[in-house]
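> Structure incoming, see below.
Since every read-out is calculated from the coordinates, none of them should be taken as a lab result. Fair warning: this is a prediction, and the values are worked out from it, not measured in the lab. Methodologically, a virtual Cβ is constructed for each residue, glycine included, from the backbone with ideal geometry; neighbour enumeration extends over all protein chains shown.
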Amino acid sequence: GSVTACLITWFVNSKPDAMVTVNGLLAGLVSVTASCPVITAPAAVFSGGFGALIYLGLANCLNRNKVDDVVDAVPVHLGPGIWGTLSVALLASPELWQGELNRWHQLQIQGVGVIAIGAFCFPVSYVLLWLINRFQPMRVSQQMELDGLDTSELGIGNAMIDLARQMEEQREQGNFTKPIISDNLNGTSSIVRAYNHVISSINQNTVRLQTEVANREIVQQKLEEGTNELQRSNQELERFASIAAHDLQEPLRKILAFGDRLVARCDNLDERGQDYLQRMQGAAKRMQSLIGDLLTFSRVTRQANKLENVDMMKIMDDILDDMEIRIRQESAKVEIGVLPDILADKTQMRQVFQNLISNALKFHQQDIDPIVTIHCRSVADIDASSETSDSSEPGFHCFDVVDNGIGFDEQYKEKIFDTFQRLHGRSEYEGNGIGLSIVLKIITNHGGKIWADSEVGKGTTFFITLPKATTVKEEINYVRAN
C-alpha cells in the first residue's frame with residue numbers, strides 16, 4: 001500500500017508525498033486486517049495495493065467536494081476497511097473458511113457485516129458527536145480558522161489580524177468617523193497611521209460634499225420658488241392684460257363712434273379743429289389695433305394647443321385666397337413648395353404664416369416687386385444643423401420663409417421678436433410691433449424654434465423648426481417635455 005501510494009503520487013505530481021505515502025501504508029494495513037489469517041502472501045500484497053488505490057480515489061473525491069478531512073482519516077479507514085472485509089470472500093481460499101460455504105455465500109455474509117456495522121456506527125457516532133459539540137464545541141469558528149491559517153501559512157501576527165478585524169467592523173457598521181486605535185497593534189503603527197490618514201481625508205471630503213449638496217439644495221429651492229413666483233406673476237400679468245384689453249374696448253368704441261359723429265356734423269370746424277379731430281380718430285384706431293393685438297397675444301399664451309392633423313398646403317391656399325387683393329396691389333409673387341402635413345393647432349399655424357407673408361409684403365423694397373418663397377425640408381435637430389434625406393426619419397420639419405424685402409441689420413435679429421419692438425417709425429410702416437412676438441409664442445408652444453437671417457437691402461429668411469410626430473399623443477408629450 002505504501003509503495004503504491006508513493007508511486008502514484010510521484011507519477012501525478014512529479015514528486016513523492018510523504019503524508020500520502022504514510023497513509024498508503026495505513027490503508028494497506030487496514031485492507032489486510034480482516035483477511036490476513038486466510039489469504040496468501042501474494043493475495044495480501046494485492047489487497048494492500050488495491051486498498052491504497054481506494055484510499056487515493058476516496059481522498060480525491062472528498063477534496064473535490066470540499067469535505068474537511070485534514071489527515072485523510074476517512075479515506076484511510078472507510079474505503080480500505082470495506083475492501084478488506086469483502087476481500088475475505090474474494091481473495092481467501094475456501095478451504096481456509098470454517099464451514100462449507102462457497103465464495104458467493106461468504107461474500108453475502110461479509111456484505112451483511114459491512115452494512116450492519118455501517119448502520120450502527122454512523123448514526124450512533126453522529127448523534128454522540130452532535131451532543132458533545134452542543135455542550136462543548138469541538139471546533140473553533142471559521143474566522144478563527146482563517147486567522148490561524150493566516151498566522152501559520154502567511155506569517156501574519158495577531159496585531160495584523162486585530163487591525164483587519166477593526167477595519168472589517170468599520171465596514172460592517174458603515175461608520176468611518178473614528179480612527180483606529182493602535183495602542184495594542186504592535187508592529188502595525190505605520191499601516192494604522194496611513195489608514196487613519198486616508199479615513200480622515202475621506203471624512204473631510206464627505207463633510208465638504210455634504211455642505212455643497214446642502215447649499216445646492218438651498219439654491220435649488222430658492223430657484224424653484226423664484227420660478228414659481230415668476231410664473232404666477234406672468235399669469236397675473238396675462239390675466240390683467242386680457243381683462244384690461246376687454247375693459248378698454250367699450251370706451252374706445254364710444255370714442256370712435258362719437259368721433260365719427262363729430263366728423264359728419266361739424267362741418268364748420270376750422271382747419272385746426274379738423275386736424276385735432278383726425279388725430280384723435282387716428283390715435284383711437286391705433287389704440288383699438290393695439291388692444292386687439294394684446295388680446296391675440298394673451299389668447300396664444302393662455303390657450304392650450306388644439307393639436308390635429310394640419311394640411312399645410314391647404315393652409316397656404318386659404319392664406320393666399322384671403323390676401324389675394326393685397327398681393328395683386330403690391331404686384332407680389334408668392335411661391336409655395338411642397339409642404340408636409342403636421343400635427344399642430346390649425347388656427348395658430350395660419351396666424352404664423354399669414355403674419356410672415358404679410359410682413360414680407362409690408363417691408364418690400366421700392367420699385368422691386370415682392371417675391372416670397374416658402375418651402376420645407378427635413379432636419380435632424382431643432383437648430384436645423386443637418387438635413388436628413390428621409391422625411392420619415394425622426395427629427396424636425398424646417399420651414400424656410402424667404403423674401404427680397406428691405407431686410408434689417410443682424411444686430412436686431414433677436415430684438416424683432418420682442419413685444420412692441422419696431423425697427424421703423426409709425427409713419428413709414430404701420431403696425432404695433434407685436435406680430436412676431438405672437439409668432440414666437442406659437443412656435444415655442446409647439447415645441448419648435450424660430451429665428452431669422454437678414455441683410456439690409458437683400459431680404460430676410462425666417463427659419464421655423466417644428467417636431468415631427470406620428471401621433472397627437474407623441475406631439476403633446478414632446479411639447480410638455482420642452
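> Can you check what the net charge comes to around Glu324, using other residues whose Cβ is under 15 Å from the Cβ of Glu324 (Lys, Arg +1; Asp, Glu -1)?
Within the 15 Å Cβ shell, the charges total -2.
> Order the peptides 373-384, 169-180 from the highest to the lowest mean number of other Cβ atoms within 10 Å of their residues.
373-384, 169-180
> Moving to a separate point now. Once the other residues with Cβ under 11 Å from the Cβ of Thr465 are scored (Lys, Arg +1; Asp, Glu -1), what is the net sum?
It works out to a net charge of 0.
> Now a separate question. Report, largest value first, the span of the C-alpha coordinates of segment 35-130 along each principal axis, in whole Å.
Rounded to whole Å, the extents work out to 44, 29, 18 Å.
> Reachable lysines from Lys285, Cα under 30 Å, same-chain residues fewer than 8 places away excluded?
Lys254, Lys346, Lys362, Lys413, Lys415, Lys441
> Where does each of 1-10, 276-285 land if you order them by average Cβ count within 10 Å, highest first?
With the highest mean Cβ count within 10 Å placed first, the list reads 1-10, 276-285.
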